[in-house]
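This report refers to the structure that appears directly beneath it.
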Amino acid sequence: MSITEYEDDDEQFVGSGRIKAIAILMIALGIFAITFPFFASITSALLFGWIFVFAGLAQITYSFQSRGSGQVWKLILGLLYLISGIIVIANPFEGLVAFTLVIGITIVVQGMIQVAIAFRMRRVSPNWIWMLVSGLIGIIFGILVWSISSLSAAWLVGSLIGINLLFDGIWMLTLHTGQHRSLYYRN
């Protein structure tokens, strides 16, 4: 892995086979999620549920190691995480409806960050437009996720996750292509 930092810019550029491997994996996962959207949606809800279970257990453990008045609140928060995770795992389809809102917010925020980074990258990478397109698609899809009904949540969330992963993989794969040429010959 090589990192080159330039004095004029505060961006760092990383060139690595690992980035290409991650990009290809994201593209493959995106295609899989688009092909099997219901499976991708339920899998995402279950993963979300398990994360809450482990976060709840960690918070409960932390509460028992704490002292003072905050101990009860930490325990309550841990129990809330744990119970929420168990509910989602026990019934992932209903958990998917709540998960839809979280996914929508996450995709919108990710899209906004990508758009901001893309505009910074336009000076140093000729393929910055892919990151911009991915960010704009993320913002649009996040808004779409917020506006769907619970009946269509199962297939739409999986499809949108897949499309988002696909475009994220594409920008990761193409962003640094041609970058060395444009960086070494700057004014």
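The values are calculated or read from the model by the stated rules, or taken from the named source; none is laboratory data. Keep in mind that what you see is a predicted model, and the values were worked out from it rather than measured. All Cβ positions, even for glycine, are placed from backbone atoms using ideal geometry, and neighbour counts span all protein chains on display.
Taken together, the residues in the range 83-116 that are surrounded by 17 or more Cβ atoms within 10 Å (Cβ to Cβ) and not β-branched (Val, Ile, Thr) amount to 10. Of the residues contained in the range 4-20, one or more are found to be modelled with pLDDT of 85 or more and either under 23 Å from residue 157 (Cβ atoms) or not β-branched (Val, Ile, Thr) (or both).
Restricted to the range 62-73, and to residues that are surrounded by 13 or more Cβ atoms within 10 Å (Cβ to Cβ) and in a helix (DSSP H, G or I), which residue is farthest from the chain's Cα centre (by Cα)?
Going residue by residue through the range 62-73, those that are surrounded by 13 or more Cβ atoms within 10 Å (Cβ to Cβ) are 62-63, 66, 71.
From what is left, the residues that are in a helix (DSSP H, G or I) are 62-63, 71.
Details: 62: 27, 63: 29, 71: 32 Å.
Going through the qualifying residues, I end up with 71.
Helices (runs of 4 or more DSSP H) fully within the range 97-187 that include at least 2 residues being at pLDDT 80 or above: 128-146, 153-174. Only a single item in (1) more than 21 Å from residue 175 (Cβ to Cβ); (2) free of Cβ contacts under 8 Å to residues at least 60 places away in the same chain is not met by residue 93, and it is number (2). Evaluation of residue 86 against the conditions (1) more than 30 Å from residue 132 (Cβ to Cβ); (2) in contact with a Ser or Thr (Cβ under 7 Å, 6 or more places away or on another chain); (3) of a type outside the set (Ser, Thr, Tyr); (4) at pLDDT 85 or above shows that the sole unmet condition is (2). Just one of (1) within 20 Å of residue 160 (Cα to Cα); (2) modelled with pLDDT of 85 or more fails for residue 64. It is (1).
Figure legend. Inter-residue proximity from the range 106-122: first residues free of Cβ contacts under 8 Å to residues at least 40 places away in the same chain, second residues outside any helix (DSSP H, G or I), beta-carbon distance below 7 Å, spacing 6+ or different chains. No pairs are indicated.
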